[in-house]
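Trainee: I have a structure I would like to understand better, so I am pasting it below and will then ask my questions one at a time.
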């Protein structure tokens, strides 16, 4: 990996993490806001993005993330909170690390994400997806993906309505069979788990697309 974009809350002091990455041979570009981050994303060939979760007003950054599936994104946070981790993954992050950051672990995770995202995919794969309702298995691009019952039903529901934006409220009612509570993250957790399983099978996680502030959609 070469170019790393490091999005931090403050640029007033030399970043210890940025310095450590530079010492390991990475070219580190540091910014502290969404606008500058988007400029780098559009003008620089980035291998990975490291985002401090405390940086405010990053909505525009996450909107663009959905259109940049080849760039690995790791969220760096002070908290080991499970809900925060799920939220970061649901927004579009590929990984989550709690501080203090171990530079060796970070390097290994960057390498793993690089291999996953650079894994060759057949550009002419068959868009046909088959479903096995008895064992909750999806067959796609000559690969099988085994899901839990809830993950399978969510995937199939979105697939049947592909191209449409399905609200979280509808998915909660139709698939989970209950109303969506204000602090209910079960739906997001199931979607996040499904995306991780897609990545592990070298299938595109962007099949299930987040539509910010609205819900989810299925798109090839």
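Trainee: Taking 8 Å as the Cα distance limit and 6 or more residues as the minimum spacing, I'd like the relative contact order of the chain as a percentage.
Mentor: After rounding, I find 16 percent.
Trainee: Right, another one. Helix 149-160: angle to the longest alpha-carbon principal axis of the chain, degrees 0 to 90, nearest 10?
Mentor: Roughly 80 degrees between the two axes.
Trainee: Hey, in the GNM for the chain with a 10 angstrom Cα cutoff, which one of 181, 92, 18 fluctuates hardest?
Mentor: Of 181, 92, 18, the most mobile in the Gaussian network model is 181.
Trainee: Can you give me the orientation-averaged projected area of the convex hull built on the Cα atoms of the chain, in nm²?
Mentor: 12.6
Trainee: Let me ask something additional. Mind checking the log10 I(q)/I(0) for the range 130-218 at q = 0.22, 0.26 Å⁻¹? Debye, one equal scatterer per Cα, no solvent, two decimals.
Mentor: -1.14, -1.53
Trainee: Can you say what percent of the DSSP beta bridges in the chain, counting only those with both residues inside, are antiparallel? Round to 5.
Mentor: The answer is about 40 percent antiparallel.
Trainee: Taking 0.36 nm per residue of sequence separation and subtracting the Cα-Cα distance, how much length would be gained by fully extending the chain between residue 148 and residue 182, in nm to one decimal?
Mentor: Numbers: separation 34, 0.36 × 34 = 12.24 nm, distance 2.44 nm.
Between residue 148 and residue 182, full extension yields an extra 9.8 nm.
Quick note: the coordinates plus some simple rules give every number you see, no bench work behind them. Everything numeric in this text was worked out from a predicted model, so none of it was measured.
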